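The block underneath contains the structure these notes are about, expressed in C-alpha cells.
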Amino acid sequence: MSSDIAQHLAEIAAEMASRSDRGQVAGYIPELAAADPGQFGISVLLADGSQHSVGDSAVPFSIQSISKVFGLAIALGRLGDQLWTRVRREPSGLAFNSILQLESEGGIPRNPFINAGAIVTTDAALGRRPPREYLAELLTFIRTAAGDEDIHIAKSVARSETLTGHRNFALAHFLASQGNLTNPPDHVLGAYFHQCAIAMTVEQLARSGRFLAGLQHLIAPERVRRINALMLTCGHYDGSGEFAFRVGLPGKSGVGGGILAIAPGRASIAVWSPGLNAQGNSQLGTEALEMLARRTGWSIFG
Ligand code: DON
C-alpha cells in the first residue's frame, strides 16, 4: 500500500502541475491575496504510521476554516450536546459567509462550519475565558494531534482579516442581538480570526487529522463520528454535495487553499493549492483528492 500511495501521489502532482486553470486566490483577506497559485502540496498519513508527501508539502499556509474542526472538538468537549441548542447540523446550501438564513432562522446558524456557526462555536469554546487562554488550548490540541510543537498563529494574517472582516462583524453582532453569544462580539472575533490564522504545512495537517481517521485517540469515538458526519455534509459549504459526489470522504476546506480529508480507519490526507473554485474551496485540492479517492477506492461509499 505504501509504495502504491507514493506512486499515486507522484502522478497526481505531475497532473496538477500541468493544469493552467488553477482557480482564484482569496482576495478579501489582503495577506492571502499575495499567495502564488502555482503552489501545490499533498500529504497522506496511513494507518501503518507511514507518511507520504509530494510537492510544496513543507510550506506553511493559512489553515483558515479548517481550524473550525479543531474548535468544534474543543467546544464539544466543554459543552457536550448542549452546543446543539445554539447551532444546528444541516447543510446551508449557501456561501460560507452568508447572512441570509440567520435572520429568518432566529439567530441559530445551520451548522458549525459556516462562519455564523463557527462564531457561535468559538464563543462556546471560549466560555468565560479570555481569548488568549482558548487560543493556547487550541494550539496545544493541534500540536498534540500533529505531534509537532512548531505550529503557530500568523499574527499578520489575523490583523489583516480584522481590518477587512466586516461580514464576520455583521454576523457576530447579529448573533449577539439574538442572544446567541455569551461574550462580546469583539472578543469572539478576536479568537476566531486568530484561530483562522494558524499556519501549517500539509505534512503537519495530515498528522493532525489522525484522531479523525481513528488512528489516534484524542477525543471520544462518538464525537469523531459526528465531526466526520458534519465534515461530509457541511465541510465544503455550498460545494459539500459536489465534494461528497466527487471525492466521497469527509473533508474540511479553508480559503487559504487547504483541505483536510479523512478516510476513516485508513488515512488522514491534507492537500494545499491556493487557487479556489467558485465556492471558495481549493480547485486543484479537490481535483487531487478526487483522483486519489478513485485510485485507492477510499470513498466511504465503496
Ligand atoms: O471568516 C473568514 O472569512 C475566514 N477567516 C475563513 C473562511 C474560510 O476559510 C472559508 N472556507 N473555505
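The values are calculated or read from the model by the stated rules, or taken from the named source; none is laboratory data. Given the structure is predicted, the values throughout are model-derived calculations rather than measurements. Counting neighbours? That spans all protein chains shown, and the Cβs are built from the backbone with ideal geometry, glycine included. The area values use the complete protein model at the heavy-atom level, side chains included, leaving out ligands, DNA and RNA. Shrake-Rupley method; radii C 1.70, N 1.55, O 1.52, S 1.80 Å.
General observations
- Scanning the stretch 282-292 for residues that are touching a Leu at 6+ places or on another chain (Cβ under 8 Å), open to solvent by less than 10 Å² (accessible area, probe 1.4 Å) and outside any strand (DSSP E or B) returns LEU289, LEU292.
- Counting only residues that are under 21 Å from SER268 (Cα atoms), outside any helix (DSSP H, G or I) and of a type in the set (Val, Ile, Thr), the stretch 120-155 holds 1 of them.
- Any hit, the stretch 271-281, residues being in contact with a helix residue (DSSP H, G or I) (Cβ under 9 Å, 6 or more places away or on another chain), away from the ligand (no atom under 16 Å from the Cβ) and not assigned by TED's automatic domain parsing to the domain that holds GLY77: no
- Residue check for GLU203: within 15 Å of the ligand (Cβ to nearest atom), at negative phi, open to solvent by 10 Å² or more (accessible area, probe 1.4 Å) and in the same structural domain as LEU289 (by TED's automatic domain parsing): no
- Any hit, the stretch 244-252, residues being buried (at least 24 other Cβ atoms within 10 Å of the Cβ), assigned by TED's automatic domain parsing to the domain that holds LEU126 and of a type outside the set (A, V, I, L, M, F, W, C): no
- Checked against (1) within 16 Å of the ligand (Cβ to nearest atom); (2) in contact (Cβ under 8 Å) with a residue 24 or more places away in the chain; (3) among the aliphatic types (A, V, I, L, M), LEU83 passes all but condition (1).
- All positions within the stretch 225-238 that are open to solvent by less than 20 Å² (accessible area, probe 1.4 Å) and more than 16 Å from the ligand (Cβ to nearest atom): ILE227, ASN228
- Of the residues THR162, THR122, THR140, THR144, the single one that is within 12 Å of the ligand (Cβ to nearest atom), open to solvent by 50 Å² or more (accessible area, probe 1.4 Å) and out of contact with any strand residue (DSSP E or B) (no Cβ under 8 Å at 6 or more places or on another chain) is THR162.
- As a summary of the residue check, GLN279 satisfies the conditions (1) in a loop (DSSP other than H, G, I, E, B); (2) at pLDDT 95 or above; (3) of a type outside the set (Lys, Arg) except for the one numbered (2).
- Of the set (1) at pLDDT 95 or above; (2) more than 12 Å from the ligand (Cβ to nearest atom), all apply to VAL255 but (2).
- Checking each residue in the stretch 23-53 for being within 18 Å of ILE259 (Cα to Cα), of a type outside the set (Phe, Trp, Tyr) and more than 16 Å from the ligand (Cβ to nearest atom) picks out ASP36, GLY38, GLN39, GLY41, ILE42, SER43, VAL44, LEU45, LEU46, GLN51, HIS52, SER53.
- Matching entry among LEU260, LEU215 (being surrounded by 21 or more Cβ atoms within 10 Å (Cβ to Cβ) and not charged (D, E, K, R)): LEU260
- Of all residues in the stretch 86-118, those satisfying the criterion of being within 16 Å of the ligand (Cβ to nearest atom), farther than 23 Å from ALA145 by Cα and hydrophobic (A, V, I, L, M, F, W, C) are VAL87, LEU94, ALA95, PHE96, ILE99, LEU100, LEU102, ILE114, ALA116.
- Any chance PHE301 is modelled with pLDDT of 95 or more and away from the ligand (no atom under 16 Å from the Cβ): yes
- The condition of being in contact (Cβ under 8 Å) with a residue 24 or more places away in the chain and within 13 Å of the ligand (Cβ to nearest atom) holds for only one of THR286, THR296, that being THR286.
- Residue selected from the stretch 33-62 under the condition aliphatic (A, V, I, L, M) and in contact with a helix residue (DSSP H, G or I) (Cβ under 7 Å, 6 or more places away or on another chain), by the criterion farthest from ALA6 (Cα to Cα): ALA58
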